[in-house]
Amino acid sequence: MRKFICAKDEWRDPLNTTPNQPTHSSSDDFTKACADIVGTQHVLTDPNDLNRYGVDWTGQYSGTPIAVARPDTTEQVSDLVKLCGVHRIAMVPVSGRTGLCGGGVPISGQPSLMISLERMNRIRAFDTAARTVTVEAGVVLETLHAAALEHELIFPLMFGAKGSCMIGGNLSTNAGGSNVVRYGNTRDLCLGIEAVMPDGTIVTGLQGLRKDNTGYDIKNLLIGAEGTLGIITAAVFKVSPKPAVRATAFVSVQTLSATIDVLNRLQDRTGGAVEAFEYMPKVMVDTICQQIPNVRPPLDTPAETGLLIEVASSRADDAEMLEDGTVALQNRVLEILGELMEEEIVIDAMIAQSEQQRADLWKMRESVLEAITENGPFYLMDISLPLAHVAQFVAAMDAFCTPLGVLPLMVAHLGDGNLHYGLAAAEGHVFVDLPMDQVKAQAFDLLRTLGGSFSAEHGIGQSKLDLMTSLKDPGQLAVMRMIKCAIDPQNLMNPGKMVPTI
Ligand SMILES: Cc1cc2nc3c(=O)[nH]c(=O)nc-3n(C[C@H](O)[C@H](O)[C@H](O)COP(=O)(O)OP(=O)(O)OC[C@H]3O[C@@H](n4cnc5c(N)ncnc54)[C@H](O)[C@@H]3O)c2cc1C
């Protein structure tokens with residue numbers, strides 16, 4: 001990795017500086033100054049609150065902050081950031097706290113102020129003509145879904161944590177989920193942001209322009225930056241037409257490599273209307289059915305290679321009820337699946353006949369993380385591969401894992417090549433005794449060979465810093481460090497996350 005900034009003999013990693021260690025009284029002064037900005041009731045210092053905020057969703061990462069400040073306006077965020085700069089206190093921005101990589105908690109032992117955006121939860125403007133919505137960072141994703149539906153529109157970012165995660169976190173992790181195959185990830189949906197930079201400068205870009213070539217793209221620098229370059233306070237997003245009809249199917253396919261044929265056939269014949277294309281192998285469906293109450297397998301004969309597919313259309317003729325009582329789009333999907341059955345690509349399929357059946361299928365999919373967690377200890381990889389190499393990776397990994405007593409528990413946003421490849425203990429084996437380092441080394445070697453990424457949608461946080469060091473292209477990493485040092489020279493903005501020290 002390239003070093004920079006100072007001559008070699010005087011060189012010290014600027015990302016390895018420690019923020020000020022406040023004395024007891026200076027800590028009191030600091031929290032009082034925070035209270036002057038946001039109001040006493042919005043500076044949490046009770047140990048129960050600090051412990052609650054200081055642990056991440058996985059329970060694997062924790063660090064106690066000096067306080068949690070909950071600003072209500074962008075100006076208050078800016079004032080807090082300036083205050084932290086003066087006192088050299090680290091800042092950890094947080095939104096819904098569902099992140100899975102330890103990015104939203106302080107580094108243990110590092111004096112930090114957590115800045116929670118939860119009170120900045122207003123929908124500032126809905127422009128139905130331009131099909132845009134301007135929201136604050138603390139808006140819960142599901143609240144935005146509901147707001148869009150009120151205008152017969154949708155905000156298509158969709159995943160299991162939608163009831164808790166917030167827009168600021170979605171942008172900062174560039175979240176993906178199950179609709180990326182059609183609508184892209186959070187970055188693709190965003191037209192502009194408002195943010196506070198590490199020196200307190202407010203950047204505003206909420207015009208909702210679809211074209212704006214006026215220099216460096218600050219918006220895209222902050223999206224996916226996991227709070228290391230600034231605090232996002234608001235954003236303007238595209239919204240899309242609400243589907244008039246959906247065809248939601250569970251399909252059993254002969255082989256994993258044949259799933260690409262299913263995806264492409266459906267895309268070709270529906271004008272690219274596939275919204276979700278999720279891989280759910282039998283072992284995963286079985287685990288969900290065992291661990292989550294009231295979930296039953298969708299097909300009578302279990303599907304080794306199962307797919308949860310959703311095709312959607314906003315066209316009235318696709319939603320048309322035909323003489324036999326069936327719906328046009330669902331008929332077309334059944335027809336395509338029928339052809340694929342004749343070609344011996346698809347084995348079996350069911351299509352949801354009601355909203356309840358559709359909800360049941362999605363409940364099954366969205367219970368995956370809960371089911372894996374209930375099943376016992378596990379290690380989860382969030383990786384991506386070119387579609388053509390997914391089957392090769394899975395076959396090689398499954399073959400490597402099985403003799404070692406490692407049970408691969410996997411689901412995938414398969415339409416965009418994103419695998420959540422979990423590793424648990426097979427029956428008769430104990431997780432702590434598994435040769436996990438060997439398994440991980442094999443997985444990351446394969447990823448490198450097949451041109452994949454070690455982090456698809458959850459981000460880096462603290463959990464993948466070692467992989468950033470070993471697997472990220474050294475040139476890109478050097479530029480990331482230059483950007484971080486230039487924008488945050490005091491290294492106070494979520495330090496110790498995403499960009500590894502040397
Ligand atoms: C059950 C479950 C299912 C999930 N499924 C998916 C999935 O399918 N796809 C997916 O992509 N993720 C998924 N996740 C992960 C998680 O929900 C996403 O990463 C989400 O975008 C995080 O949003 P949050 O508001 O909870 O962010 P937080 O956890 O609060 O923060 C995440 C990161 O962003 C930073 N941050 C937060 N707010 C701001 C801000 N305003 N400005 C700057 N930085 C900020 C934090 O410092 C932290 O580094 C899932 C999580 C769970 C628990």
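The values are calculated or read from the model by the stated rules, or taken from the named source; none is laboratory data. Computed from a predicted structure; not experimentally measured. Quick reminder, even Gly has a Cβ in these numbers, built from the backbone with ideal geometry, and neighbours come from all protein chains shown. Surface accessibility is based on the protein's heavy atoms, side chains included, excluding ligands, DNA and RNA. Shrake-Rupley method; radii C 1.70, N 1.55, O 1.52, S 1.80 Å.
Karplus-based coupling profile of region 94-101, in residue order and whole Hz: 9, 10, x, 6, 9, x, 10, 10, with θ = phi - 60° in 6.51 cos²θ - 1.76 cosθ + 1.60 and x standing for Gly or Pro. Ranked by the mean number of other Cβ atoms within 10 Å per residue, highest first, peptides 361-369, 198-206 order as 361-369, 198-206. The loop-placed GluC sites (Glu not before Pro) in region 126-220, going by DSSP, that have at most 16 neighbouring Cβ atoms within 10 Å of their Cβ come out as 152.
When Rg and the Kirkwood Rh are both derived from Cα coordinates, the Rg/Rh ratio for the chain amounts to 0.98. For region 123-241, the per residue solvent-accessible surface stands at 39 Å², with DNA, RNA and ligands left out and a 1.4 Å probe. Place a point 7 Å from the Cα of residue 220 along the Cα-to-Cβ direction; which residues of region 156-200 have their backbone N under 13 Å from it? Correct set: 187-192. Candidate cross-link partners of residue 363 among the aspartates and glutamates, defined by an alpha-carbon separation under 17 Å and a same-chain spacing of 8 or more, comprise 142, 275, 278, 286, 310, 355, 374. The Cα-based radius of gyration of region 376-463, divided by its Kirkwood radius, gives an Rg/Rh of 0.95.
Ignoring aspartates and glutamates fewer than eight residues from residue 219 along the same chain, the ones with Cα atoms less than 13 angstrom from its Cα are 188, 194. Annotation: aspartates and glutamates with alpha-carbon distance below 16 angstrom to residue 440 (same-chain offsets under eight excluded): 382, 398, 466. Taking all C-alpha pairs of region 245-366, those more than 16 Å from each other amount to 59 percent.
When you count the other C-beta atoms within 10 angstrom of each residue and take the mean per peptide, 417-430, 450-463 line up highest first as 450-463, 417-430. Expressed as a whole percent, the accessible area of the chain that falls on carbon and sulfur atoms is 49 (1.4 Å probe). With the helix formula -39500 (n - 2.57) applied to DSSP H stretches of n ≥ 4, the chain reaches a computed 222 nm mean residue ellipticity of -10000 deg cm²/dmol.
Rolling a 1.4 Å probe over the protein heavy atoms gives region 376-463 an accessible area of 40 Å² per residue.
Under 5 Å between amide hydrogens, built in the peptide plane, is the criterion, and for residue 245 it picks out 313 among residues at least 5 positions away or on other chains. Measuring how big region 123-241 is from its alpha-carbon positions, Rg and Dmax come out at 13.3, 41 Å.
Under 20 Å from a label point 7 Å along Cα→Cβ of residue 188: give me every residue in region 144-163 with its amide N that close. Only 145, 153-162 fall inside the zone, counting backbone N under 20 Å.
Measuring between their Cα centroids, region 116-192 and region 208-254 lie 8 Å from each other.
Taking the Cα centre of each part, how many Å lie between region 443-502 and region 389-427? Their Cα centres are 24 Å away from one another. Rounded to the nearest 20, the size of the Cβ-charge dipole of the chain about its Cα centre is 1640 debye, with Lys and Arg at +1 and Asp and Glu at -1.
For the chain, the longest principal axis of the alpha carbon atoms and the long axis of helix 282-291 meet at an angle near 70°. Protein heavy-atom accessible surface, 1.4 Å probe, per residue over region 245-366: 47 Å². Backbone phi angles across region 42-57, fed through the Karplus curve with coefficients 6.51, -1.76 and 1.60 (θ = phi - 60°), yield HN-Hα couplings of 10, 10, 8, 10, 4, x, 5, 5, 4, 5, 5, 6, x, 10, 7, 4 Hz in residue order; Gly and Pro are listed as x. If R0 equals 30 Å, the separation of the Cβ atoms of residue 343 and residue 398 corresponds to a calculated FRET efficiency of about 0.70. For region 393-407, putting each phi into the Karplus relation 6.51 cos²θ - 1.76 cosθ + 1.60 with θ = phi - 60° gives couplings of 4, 5, 4, 5, 5, 4, 5, 6, 6, 3, x, 8, x, 9, 9 Hz, in residue order, rounded to whole numbers and with x for Gly and Pro.
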